[in-house]
1. Output the qualifying pairs, or none if there are none: Cβ atoms under 9 angstrom, residues six or more apart or on different chains, first residue in the stretch 81-93 and free of Cβ contacts under 8 Å to residues at least 12 places away in the same chain, second residue surrounded by fewer than 21 Cβ atoms within 10 Å (Cβ to Cβ) and not hydrophobic (A, V, I, L, M, F, W, C).
2. Looking only at residues in the stretch 36-63 that are of a type in the set (Ser, Thr, Tyr) and not in a strand (DSSP E or B), which one is modelled with the highest pLDDT?
3. What number of residues in the stretch 131-162 are at pLDDT 95 or above and touching a Gly at 6+ places or on another chain (Cβ under 9 Å)?
4. Any idea which residue in the stretch 20-35 is surrounded by the most Cβ atoms within 10 Å (Cβ to Cβ), counting only those that are touching a Pro at 6+ places or on another chain (Cβ under 7 Å) and part of a loop (DSSP other than H, G, I, E, B)?
5. Kindly list, by first and then second residue, each pair from a residue in the stretch 149-177 that is free of Cβ contacts under 8 Å to residues at least 12 places away in the same chain and surrounded by fewer than 21 Cβ atoms within 10 Å (Cβ to Cβ) to a residue that is part of a helix (DSSP H, G or I) and not β-branched (Val, Ile, Thr), limited to pairs with Cβ atoms under 6 Å and residues at least 6 apart or on different chains.
6. Which helices (runs of 4 or more DSSP H) sit wholly inside the stretch 97-206 and have at least 1 residues that are among the small types (Gly, Ala, Ser)?
7. Going by the conditions given, is Thr38 of a type in the set (Ser, Thr, Tyr), surrounded by 24 or more Cβ atoms within 10 Å (Cβ to Cβ) and either within 16 Å of Glu169 (Cα to Cα) or in contact with a helix residue (DSSP H, G or I) (Cβ under 7 Å, 6 or more places away or on another chain) (or both)?
8. Considering each of Thr103, Thr78, Thr38, Thr96 in turn, give the residue that is under 21 Å from Glu190 (Cβ atoms) and under 17 Å from the mean Cα position of the chain (by Cα).
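The values are calculated or read from the model by the stated rules, or taken from the named source; none is laboratory data. Quick caveat: nothing in here was measured; it's all calculated off a predicted structure. As a convention, Cβ positions derive from the backbone with ideal geometry for all residues, glycine included, and neighbour counts pool all protein chains shown.
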Amino acid sequence: IRGRTVGIAPVGCAVLAYNYFTFDFQEAAHGRAPAMATGIKRVRPDLMVFTYQGDGDLASIGMGEIVHAANRGEKFTTIFVNNAVYGMTGGQMAPTTMPEQRTTTSPFGRDVEDVGMPIKVAELIAALQTPGYIVRQAVLKPKDINRAKKVIKKAFTYQMESRCFSFVELVSTCPTNWGLTPVEAIKWAEEKMLPYYEIGEFKIPS
C-alpha cells in the first residue's frame, strides 16, 4: 500500500515524520491535520490516509478538528502520540500533562484545581455514537512496541475495508522536556501515566 499512502504531519515534533518514511507526506497547520485528511480522503477514497499528531497539537489546538472528524466517521486513521507535554515548542503543559507534573508553563506542577484533570482522548472519542476503532497502547518497551504494531495494523485494516474512523493513541516519553534520562522517563511513564491512561481497545466496530 506504500504507493497509495499519504501521511499528514502538523506543526510540532510530528512534522519531522516525513524524514523517516518513503511515501507521500503533507504538512498541515497546527492542529489541522484531521481537516486535511478529510479533504484528501474524500477526494481520493482509494488512498490510505493517516495523521500523525502529538498531544499539544491534537488534544489542544486541534481538539475540535479530531472530535468532529471522528464524529463524522471519516475513513482515515489517526496516530496520536501522548507524551504528556508540548515537545518541539518548548515543553509547555499540554491537556494530557499529569497532575503535579512540572513543565515550562507549570513550574510548580499541574494544578488540577486551576486547569482540570488530564484529558483522556481515547475515551472521549470512544464516547461518540459514531462507529470507530479506538485504542490506546504504549511504546515504552519492546513488548509494548510489538503490541502497538498490531493495533496500528488493525487500524489500517479497518480503513482499507472502508469500515470506520480509526484512532490509535500511543503513550510515549519525552526525556528532554521531562528532564529525565531515557531509562528514568520509561519508569516515570509506567508509574505515572499508565495507571491513568489505561491500555486497551475502547471501541471496536461491529
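1. Correct list of pairs: empty, since none qualify.
2. Initially, the stretch 36-63 is screened for residues of a type in the set (Ser, Thr, Tyr), giving 38, 51-52, 60.
Retained after the next criterion (residues that are not in a strand (DSSP E or B)): 38, 60.
Details: Thr38: 98, Ser60: 93.
In this case the residue turns out to be Thr38.
3. Adding up the residues that qualify gives 5.
4. By that ranking, first place goes to Gly31.
5. Between residues of the stretch 149-177 that are free of Cβ contacts under 8 Å to residues at least 12 places away in the same chain and surrounded by fewer than 21 Cβ atoms within 10 Å (Cβ to Cβ) and residues that are part of a helix (DSSP H, G or I) and not β-branched (Val, Ile, Thr), the close pairs are Pro175/Pro182; Pro175/Ala185.
6. Working: elements: 112-115, 121-126, 142-160, 175-178, 182-188.
The qualifying helices (runs of 4 or more DSSP H) are 121-126, 142-160, 182-188.
7. On the way: of a type in the set (Ser, Thr, Tyr): yes; surrounded by 24 or more Cβ atoms within 10 Å (Cβ to Cβ): no; either within 16 Å of Glu169 (Cα to Cα) or in contact with a helix residue (DSSP H, G or I) (Cβ under 7 Å, 6 or more places away or on another chain) (or both): yes.
No, not satisfied.
8. On the way: Thr103 fails: under 17 Å from the mean Cα position of the chain (by Cα); Thr78 fails: under 21 Å from Glu190 (Cβ atoms); Thr38 fails: under 21 Å from Glu190 (Cβ atoms).
The conditions single out Thr96.
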